[in-house]
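Only one structure is covered here, and it is reproduced in the block below.
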Amino acid sequence: MKSEVCSRAFTDIAPYYDTLMSFINYRGWVAYIENILAFNTIRGKKVLDLACGTGVCVLLWLERGYDVIGLDGSLPMLEICRQKLIRSAPRVHNNVYLINGDMRNFRLARKVPIMTCLYDSLNYLLREADLVSCFECVYDTLSDDGIFIFDINTIHCLHDEWGNQTFHRQDGDIYSTWTNTFNTSTFVSSLDLTLAIKKDGKETIIKEFHQERAYPLSTIRELLTNAGFDCSFYRHLTFTPAQERDLRVMGVATKK
Ligand SMILES: C[S@@+](CC[C@H](N)C(=O)[O-])C[C@H]1O[C@@H](n2cnc3c(N)ncnc32)[C@H](O)[C@@H]1O
């Protein structure tokens, strides 16, 4: 028996997201961010993770003794995060708060010292105006001595690494097909993602359409500067100054 679902990005794939991303060393990413925090002498221990998704990093921050707010636009992704929190140690439940919101338009009652936005999430903002709105909200929500740390895929990554190609994967019961198309005028990479989940003699097909846009580093710098930030860019997981030829870049922004 076969059933098929077509859905918006980050809806029906939510229960499978962690399995699909299990190759990511999130623990290493968080350790790297802690080095950035130490380098910038950030002492507060409260993180707002924008576009937190299923909350892999939310749980890692909690494990490291931080208070965490997770914000995401997808309820199904947040629901997976909520279920994982319920299964985790009850003592962390007072230290975490989840918000279903848009990173282009949010406001918190209290400012926070650390804000993160990880794993391509900013690339999901397809217009410069979206980045501007997001950076303005970050500025308003960050404490004056706080820090905003994010990663972003470069044009080189979307154009040359992902390009126009299809690949197939198998992760346990999940067979997936990833078809990317890069538009050289808009710098938008479109992904047709199909999952075939084979379980108990049944096959469920899930299709989602994702789009990511890459921006020149100079544009991101200019938009952050206009929003009131000083910023540095590093090659992801290093402290080497970033270049356009890097695949993923880590941005670090502090208020001027
Ligand atoms: C690739 S996932 C990354 C999730 C998580 N940060 C991680 O590292 O696994 C991108 C996330 O961005 C969220 N997202 C995309 N656009 C958003 C927006 N405008 N506001 C809030 N969340 C958004 C999606 O719902 C999704 O959970």
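The values are calculated or read from the model by the stated rules, or taken from the named source; none is laboratory data. In this text the structure is predicted, and so the values were computed from the model without any measurement. Positions of Cβ are backbone-derived with ideal geometry, glycine not excepted, and every protein chain shown enters the neighbour counts. The accessibility values were calculated without ligands, DNA or RNA, using every heavy atom of the protein model including side chains. Shrake-Rupley method; radii C 1.70, N 1.55, O 1.52, S 1.80 Å.
How many residues, within segment 124-150, are within 12 Å of the ligand (Cβ to nearest atom), in contact with a helix residue (DSSP H, G or I) (Cβ under 8 Å, 6 or more places away or on another chain) and within 22 Å of residue 183 (Cα to Cα)?
Counting residues in segment 124-150 that are within 12 Å of the ligand (Cβ to nearest atom), in contact with a helix residue (DSSP H, G or I) (Cβ under 8 Å, 6 or more places away or on another chain) and within 22 Å of residue 183 (Cα to Cα) gives 2.
State yes or no: is residue 140 more than 24 Å from residue 65 (Cα to Cα) and surrounded by 15 or more Cβ atoms within 10 Å (Cβ to Cβ)? Explain how you work it out, then say what you get.
Details: more than 24 Å from residue 65 (Cα to Cα): yes; surrounded by 15 or more Cβ atoms within 10 Å (Cβ to Cβ): no.
Criteria not met by residue 140.
I'm told residue 53 meets every condition in (1) farther than 21 Å from residue 248 by Cα; (2) within 11 Å of the ligand (Cβ to nearest atom); (3) open to solvent by less than 40 Å² (accessible area, probe 1.4 Å); (4) of a type in the set (Gly, Ala, Ser) except one. Can you identify the failing condition by its number?
(1) is the only condition that residue 53 fails.
Every residue, every condition in (1) touching a His at 6+ places or on another chain (Cβ under 9 Å); (2) open to solvent by 40 Å² or more (accessible area, probe 1.4 Å), yes or no:
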residue	(1), (2)
182	yes, no
187	yes, yes
190	yes, no
195	no, no
205	no, no
224	no, no
241	no, yes
244	yes, yes
251	no, no
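Do we have residue 27 as modelled with pLDDT of 95 or more, more than 8 Å from the ligand (Cβ to nearest atom), in contact with a helix residue (DSSP H, G or I) (Cβ under 7 Å, 6 or more places away or on another chain) and among the basic types (Lys, Arg) here?
Details: modelled with pLDDT of 95 or more: yes; more than 8 Å from the ligand (Cβ to nearest atom): yes; in contact with a helix residue (DSSP H, G or I) (Cβ under 7 Å, 6 or more places away or on another chain): yes; among the basic types (Lys, Arg): yes.
Criteria met by residue 27.
Check segment 102-118 and report whether any residue there is farther than 28 Å from residue 223 by Cβ and touching a residue at least 40 places away in the same chain (Cβ under 8 Å). Outline the logic, then answer.
Keep residues of segment 102-118 that are farther than 28 Å from residue 223 by Cβ, which gives none.
No, there is no match, as no residue in segment 102-118 is farther than 28 Å from residue 223 by Cβ and touching a residue at least 40 places away in the same chain (Cβ under 8 Å).
Hey, among the residues in segment 57-94 that are open to solvent by 10 Å² or more (accessible area, probe 1.4 Å) and in a strand (DSSP E or B), which one's farthest from the ligand (Cβ to nearest atom)?
Ranking the candidates gives 67 first.
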